[in-house]
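Shown next, in structure tokens, is the structure this report addresses.
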Amino acid sequence: MNAYEDCFQKAMILSWQKVIGSERSQFPSILQNSVDTHVRFAVQCHSPKMNECLFCRIIKGEIPSKIVFRNEFVLAFHDINPQAPVHLLVVPIKHVENLKDPKASDSSLLVPVFNAIREISDSFPISKGFRVVVNCGREGGQTVDHLHFHLLGGRPMSWPPG
Ligand code: AMP
Ligand code: ZN
């Protein structure tokens, strides 16, 4: 937990203790510690996990997404800010930062991604063609540090990309 998350949790605990302050005194003293423990637990459960990877949280279902494909190795979902009529993100389940991450050299990681792309492409109106884009690193345009493949289609693509 970083300092910001720590402060956030402490502030939430204090405000909850204020809310239940008058009620708390109605509990027998032997139960009052237990009330405090429950408050701390509830706050921990509901605190945002600010450090955790966005796509790992999508994979775990902690953040909603429009999922179109899932198997043991790969998840695919609609990009929240589509750049084409079809814009999906195809993501390995295993957390790998980007193509330069040594873990990405494992063929058991990349082969399932490309097989998923082939399979998914049959379910969308992109039979005339599509583009697969991987942004790597800041200058490559990567903004989410979990390896992902943009699958774009449904309109003619221009070249060179911006
Ligand atoms: P990149 O810039 O290559 O790292 O791509 C990251 C992509 O993730 C962008 O196209 C974003 O629109 C997309 N994105 C960010 N947050 C979400 C989200 N919660 N659900 C779906 N796509 C997202
Ligand atoms: Zn991740």
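The values are calculated or read from the model by the stated rules, or taken from the named source; none is laboratory data. Just so it is clear, the structure is predicted and the values come from calculations on it, not from any experiment. Every residue, glycine as well, gets a Cβ built from its backbone with ideal geometry; the counts of neighbours run over all protein chains shown.
Structure values in brief
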read-out: Top-ranked residue of segment 81-109 - restricted to ones that are touching a residue at least 24 places away in the same chain (Cβ under 8 Å) and of a type in the set (S, T, N, Q), ranked as farthest from M157 (Cα to Cα); value: S108
read-out: Matching residues, segment 102-125, being touching a Leu at 6+ places or on another chain (Cβ under 8 Å) and over 11 Å from V74 (Cβ atoms); value: K103, A104, S121, F124
read-out: Counted residues, segment 79-99 - those being surrounded by 14 or more Cβ atoms within 10 Å (Cβ to Cβ) and within 8 Å of ligand 1 (Cβ to nearest atom); value: 3
read-out: Qualifying residue in segment 110-124 (condition: at pLDDT 95 or above, surrounded by 15 or more Cβ atoms within 10 Å (Cβ to Cβ) and touching a helix residue (DSSP H, G or I) at 6+ places or on another chain (Cβ under 9 Å)); value: yes
read-out: In segment 111-162, the residues that are within 16 Å of ligand 2 (Cβ to nearest atom), in a loop (DSSP other than H, G, I, E, B) and touching a strand residue (DSSP E or B) at 6+ places or on another chain (Cβ under 9 Å); value: V134, N135, V144, H146, L147, H148
read-out: Candidate set from segment 122-162 (those that are of a type in the set (S, T, N, Q) and in the same structural domain as P92 (by TED's automatic domain parsing)); member that is farthest from ligand 1 (Cβ to nearest atom); value: S127
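Okay, residues lined up against (1) part of a loop (DSSP other than H, G, I, E, B); (2) away from ligand 2 (no atom under 15 Å from the Cβ):
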{"residue": "C56", "(1), (2)": "no, no"}
{"residue": "V68", "(1), (2)": "no, yes"}
{"residue": "H87", "(1), (2)": "no, yes"}
{"residue": "K94", "(1), (2)": "yes, no"}
{"residue": "L109", "(1), (2)": "no, no"}
